[in-house]
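One structure below.
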Amino acid sequence: MPVTVQWVRTSWTKRSRGGEAAARRNAIPVGFALPDEVVLAERRPPLAHTVKVREWEDFTPGEGRAELRDVEVSLRRVDGRLRVLPRVDPLFGLPPRPRRPPAVRLVPGQWVRWQLNYRFSSAAGVRDWSYWLDTFNIAYGPVTDEVFLGTPDFHVDERGPVR
């Protein structure tokens, strides 16, 4: 059964926390159409569709590909279902995540959208705060190129306050 992964990472600094820049950032889609080579399940090794949207590139999406093992999410088939749980490195603890939600178990034909955010500061405090929003769109089973443009079967929102 094919697994399709799309990883959307939005990056910004304190300069985009308000006004017009924040409006542009907030207008970024959480799902994008898939390129053909990601949709075709026969491709080995399977690829993830990556979309990076950065403040310093005027929030223009840049698309790429990654091997599934390089995506920050645990994917495991168990009893005919796909167990999905994004990884959170302890170094990326802001905002605090005292208790994470359980993994989502997808049956064929289902997909999940999982969102996490992060805040970083420089060690010496000389640079601005920076922020990430990671959105993982993950489908189990055959898909079309527009699968992640719709409404997911599951939505896990682990975004927290990043002040």
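Rule-based calculations on the coordinates, nothing more; no lab input. Remember, it's a predicted structure, so these values are computed and weren't measured experimentally. Cβ atoms come from the backbone with ideal geometry, glycine included; neighbour counts cover every protein chain shown.
With the simple spin-label model, which puts each label point 7 Å out from Cα in the Cβ direction, the A66 to R87 separation comes to 1.0 nm.
Only DSSP H runs of four or more residues enter the estimate; each adds -39500 (n - 2.57), and after division by the residues of the chain the mean residue ellipticity at 222 nm equals -1500 deg cm²/dmol. Of all DSSP beta bridges confined to the chain, the antiparallel ones make up roughly 75%.
Any idea what the relative contact order of the chain is, in percent, if you count C-alpha pairs under 8 Å spaced at least 6 apart? Walk me through the numbers on the way to the answer.
Values: 321 pairs, mean separation 50.4, N = 163.
Rounded, it is 31 percent for the chain.
A protection proxy built from the mean count of other Cβ atoms within 10 Å ranks the segments 49-61, 129-141, most packed first, as 129-141, 49-61.
The stretch 17-31 and the stretch 55-74 have Cα centres spaced 17 Å apart.
Structure remark: mean-square fluctuation, Gaussian network model of the chain, C-alpha springs under 10 Å; the largest value among V39, V71, V88 belongs to V88.
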